[in-house]
Amino acid sequence: MKNTPLEPCATDSLLPSVVSPQFDKYGHRILTMGEVTRFRKEGYLHVPTLTQPSEIAWIGNLIDQFYAHRGLAHGVIDQPTKLASALQSTCVYQSCLKVARQLLGRMAMYGNDRALYKEAYGNLGSPWHQDASFHGRYSLHDSIVFWIPLHDVQTENGCMQYIPLERNQVVLPHRPFFPKDPSSLMTDHAEEFKAVNCPLPAGGATIHGALTLHCAHVNTVASRRRVWTLTFRPWGRWNCIAPSRVFHVARLIAGKMMSSARRR
Ligand SMILES: O=C(O)CCC(=O)C(=O)O
């Protein structure tokens, strides 16, 4: 599916380097230098114009059918792209791949995707966490996630919030969000007064890195909150054998061996 580039509005043209979205010759969204710089500094990017709302409506319909087929109203569906490979040909998927290559280098590839639907009139948001807390201790935390709502999102229906990266950001202590589910992690160390709210129109997305603290508001409205996320990382699903990762692990192991030899 190929989209026509969005027309910059009159106000956008007054601030070209800051807000005018940039598209390549295929109509795929790419980042401006300013956006790349902002992502590197803050660890997330608010992108109100990633693709056309009509494409998002089409994707939303398709993913709704996966939920209906499974008899689910909400919850997580892993890898919708495996269920419908047409998703990989969409303009939004191709834009995400190009943006991932701008941010992570040309070896960036698809890692994973998920549909995250939250119930209407819910009482739980997604707690503050860093995606890095789910990664192994040898990870370089070099993945990025595109969070793509399938309709307009604001505070009331579960948009994201981010805390800009600190200098030398580390992985903070996390604990299970649901006490009986060790895979549901949250942190008590988010400085919430620094949070930036990220409402979006359909066709927009946020992008965040693995060290960036984020959470999503509770969905308090009468309809489900529907989101598709796409994760990219260097070497994609082969990230664990990416040369940078192998080098990193070797350095950590060598460091450990040297310090235990010194202790003896
Ligand atoms: O959509 C949500 O509720 C949270 C999503 C999230 O934390 C993530 O994609 O990393």
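Some notes on this structure:
- Checked against the criteria, Leu116 does not count as more than 30 Å from Ser54 (Cα to Cα) and of a type outside the set (Ser, Thr, Tyr).
- Ala57 of a type in the set (A, V, I, L, M), touching a residue at least 60 places away in the same chain (Cβ under 8 Å), over 25 Å from Pro164 (Cβ atoms) and part of a loop (DSSP other than H, G, I, E, B): no
- Condition met for Leu230 (within 12 Å of the ligand (Cβ to nearest atom), without any contact (Cβ under 8 Å) to a residue 60 or more places away in the chain, on the phi < 0 side of the Ramachandran plot and in contact with a helix residue (DSSP H, G or I) (Cβ under 7 Å, 6 or more places away or on another chain)): no
- Residue match in region 179-196 (condition: crowded, with 21+ Cβ neighbours inside 10 Å, within 21 Å of Gln130 (Cβ to Cβ) and of a type outside the set (A, V, I, L, M)): no
- Of the strands (runs of 3 or more DSSP E) lying entirely inside region 164-221, those carrying at least 1 residues that are without any contact (Cβ under 8 Å) to a residue 60 or more places away in the chain and either over 20 Å from the mean Cα position of the chain (by Cα) or within 15 Å of the ligand (Cβ to nearest atom) (or both) are 175-178, 181-186, 196-198.
- Scan region 136-163 for residues that are under 28 Å from Leu83 (Cα atoms), not in a loop (DSSP other than H, G, I, E, B) and not hydrophobic (A, V, I, L, M, F, W, C) and the total you get is 2.
- In region 93-109, the residues that are under 17 Å from Gln52 (Cα atoms) reach residues that are modelled with pLDDT of 95 or more and polar (S, T, N, Q) with C-beta atoms within less than 9 angstrom, at least six apart or across chains, in these pairs: Tyr93/Thr81; Gln94/Gln88; Ser95/Thr51; Leu97/Gln88.
- Test: residue in region 234-246 that is part of a helix (DSSP H, G or I), out of contact with any helix residue (DSSP H, G or I) (no Cβ under 8 Å at 6 or more places or on another chain) and among the β-branched types (Val, Ile, Thr): yes
- Residue within region 139-154 that is among the acidic types (Asp, Glu), modelled with pLDDT of 95 or more and crowded, with 17+ Cβ neighbours inside 10 Å present: no
The values are calculated or read from the model by the stated rules, or taken from the named source; none is laboratory data. Computed from a prediction, not measured in an experiment: that's the story for all the values here. FYI the Cβ positions are ideal-geometry reconstructions off the backbone, even for glycines, and counts take in every protein chain you see.
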